[in-house]
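Q: Structure below; questions to follow.
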Amino acid sequence: MGFFDFLTSDIAIDLGTANTLIIHRDKIVVDEPSIIAIDKNSNKVLAIGKEAMNMHEKTHDNIKTIRPLKDGVIADFEAAEMMIKGMIKMIDLKKRSFMPSSHRMVICIPSGITEVEKRAVRDSAEHANAKEVYMIYEPIAAAIGTGIKIDEPVGSMIVDIGGGTTEIAVIALSGIVCDQSIRVAGDTFTKDILDYMRRQHNLLIGERSAEKVKIAIGSALTELEDAPEDYEIRGRDLMTGIPKVIKISYSEIAFALDKSVSKIEEAVLKALEISPPELSADIYDRGIYLTGGGAMLKGLDKRLALKTKLPIHIADDPLRAVVRGTGEALKNINSYRAVLMT
C-alpha cells in the first residue's frame with residue numbers, strides 16, 4: 001500500500017431501501033439501516049442509522065423518522081442527502097484524517113430505475129462532497145460480489161431480493177441481457193406479516209416487530225425440515241385496546257408471505273422466459289444465484305428450485321454481496337469501466 005493509497009478516500013456505497021453499507025479501503029465501515037431522525041422544529045438531524053431505527057415508530061410530535069428511500073429509489077431528496085452525508089461522516093470519525101474529504105464514489109442503483117431517479121442519486125452524492133460519481137446496476141454488483149466472472153460470454157442469473165425491489169437479471173459479457181425489476185421485496189414481506197396479524201389475530205403490531213418476526217421465523221414454505229421455534233409477538237389487541245402477546249408458528253408466516261413469494265417466482269420465470277436460448281443453456285448448467293436480505297428467507301431456495309427445476313445457490317453473506325461487488329468495481333475501476341455509468 002503506497003503513500004497515495006493512503007490519501008485516497010474512494011468509497012463504495014450500497015444505498016438500499018432498508019440498509020446502507022459503505023466500503024472504504026476494502027473494509028465495510030458502515031452498515032446501518034437507511035433511516036434518519038429529524039427534529040421537526042429546527043430540521044436538525046438527531047440520529048442516523050441504528051440509533052434512528054431505535055426511535056422509529058416511538059417518536060413524539062417534535063421528532064420524525066424518515067426512510068428516504070422507497071422501492072429502491074430516493075423518495076425524500078433532502079433526507080437522503082442528510083443521510084448520505086451523515087453516514088460518510090461516520091467513516092471520517094472512525095479515522096481522523098488530514099485530507100479534505102472529497103470522495104470518488106461508486107453507488108449501486110436498481111436496474112429498473114428511470115433517468116430522473118438516477119439523477120437524484122447523482123445529485124445527492126455530489127451534495128455529499130463527491131468529486132466523481134459512478135453508478136453500477138445492483139444485479140451486476142451482486143454478481144461481482146458473489147464471485148461470478150461477469151465479463152465472460154457465459155450467462156449467469158442473479159436474483160437480488162432487497163428491501164424495496166427484487167432485481168432479477170441475466171448477465172453476460174459485462175452487461176445485463178434481460179432483466180425484471182419488481183417492487184416486491186423485504187418491505188413487502190414485512191407489510192404482509194403486519195396485515196396478517198391484524199386480520200387473523202386482531203393484533204396491531206409495528207413495522208419493527210413485523211421485521212423481527214420475519215427475520216426469526218419468516219419462511220417461504222409451510223413445511224421446513226429444520227423448523228424454527230414458535231415466536232412470541234407482542235402488540236395491541238384491537239378488540240380490547242390492551243397490549244398482549246401471541247405465539248405464532250413459521251407455517252402461519254409462510255401462509256402470510258405466500259402471495260408475495262409467488263410474485264417473485266413469477267418474475268424469475270418471466271426472466272427465464274425472455275432470455276436468449278444460448279444463455280438459457282448456461283443457466284441450466286450454472287443455476288440461479290440468490291443475494292440480498294430476502295435470500296435468507298427460510299425455504300426460499302427450495303421453493304424456487306421446485307418451481308424452476310434449476311439449482312439455486314445462496315451467496316455467502318447475501319446481505320453484503322452487493323456492496324462487496326460495488327467495492328470490487330471501485331478497486332479495479334479500470335477493468336470494470338464497462339459496467340460503470342457516470
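The values are calculated or read from the model by the stated rules, or taken from the named source; none is laboratory data. All values derive from a computational prediction rather than experimental measurement. FYI the Cβ positions are ideal-geometry reconstructions off the backbone, even for glycines, and counts take in every protein chain you see. The protein model used for the area step is the full one, side chains on, heavy atoms only, and it has no ligands, DNA or RNA in it. Shrake-Rupley method; radii C 1.70, N 1.55, O 1.52, S 1.80 Å.
Q: Taking Gly163 as meeting all but one of (1) small (Gly, Ala, Ser); (2) in a strand (DSSP E or B); (3) under 30 Å from Lys244 (Cβ atoms), write down the number of the exception.
A: Result: Gly163 passes all but (2).
Q: Suppose we filter Tyr289, Tyr231 for residues that are aromatic (Phe, Trp, Tyr) and more than 18 Å from the chain's Cα centre (by Cα); which single one remains?
A: Tyr231
Q: So how many residues does segment 48-80 have that are assigned to a helix (DSSP H, G or I), within 18 Å of the chain's Cα centre (by Cα) and not small (Gly, Ala, Ser)?
A: 2
So that you can scan it fast, the table gives a plain yes or no per residue for (1) farther than 27 Å from Gly49 by Cα; (2) at pLDDT 95 or above; (3) among the aliphatic types (A, V, I, L, M); (4) not in a strand (DSSP E or B):
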| site | (1), (2), (3), (4) |
| --- | --- |
| Val170 | yes, yes, yes, no |
| Ser181 | no, no, no, no |
| Thr188 | no, yes, no, yes |
| Arg208 | no, no, no, yes |
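Q: Need the failing condition index for Met157 against (1) open to solvent by less than 20 Å² (accessible area, probe 1.4 Å); (2) not aromatic (Phe, Trp, Tyr); (3) not in a strand (DSSP E or B), just the number.
A: In the conditions (1) open to solvent by less than 20 Å² (accessible area, probe 1.4 Å); (2) not aromatic (Phe, Trp, Tyr); (3) not in a strand (DSSP E or B), Met157 misses (3) alone.
Q: Further question on the same structure: Checking Ile91 against (1) in contact with a His (Cβ under 7 Å, 6 or more places away or on another chain); (2) modelled with pLDDT of 95 or more, which test does it fail?
A: (2)
Q: Just need a number here: residues in segment 119-138 that are closer than 28 Å to Val170 by Cα, assigned to a helix (DSSP H, G or I) and not hydrophobic (A, V, I, L, M, F, W, C).
A: 3
Q: Here is a list: Ala80, Ala12, Ala18, Ala37. Which entry is within 22 Å of Val121 (Cα to Cα), crowded, with 20+ Cβ neighbours inside 10 Å, in the same structural domain as Ile107 (by the TED database) and modelled with pLDDT of 95 or more?
A: The unique qualifying residue is Ala37.
Q: Exposed (fewer than 15 other Cβ atoms within 10 Å of the Cβ) and either in contact with a Phe, Trp or Tyr (Cβ under 8 Å, 6 or more places away or on another chain) or modelled with pLDDT of 95 or more (or both): is that true of Asp195 in this structure?
A: yes
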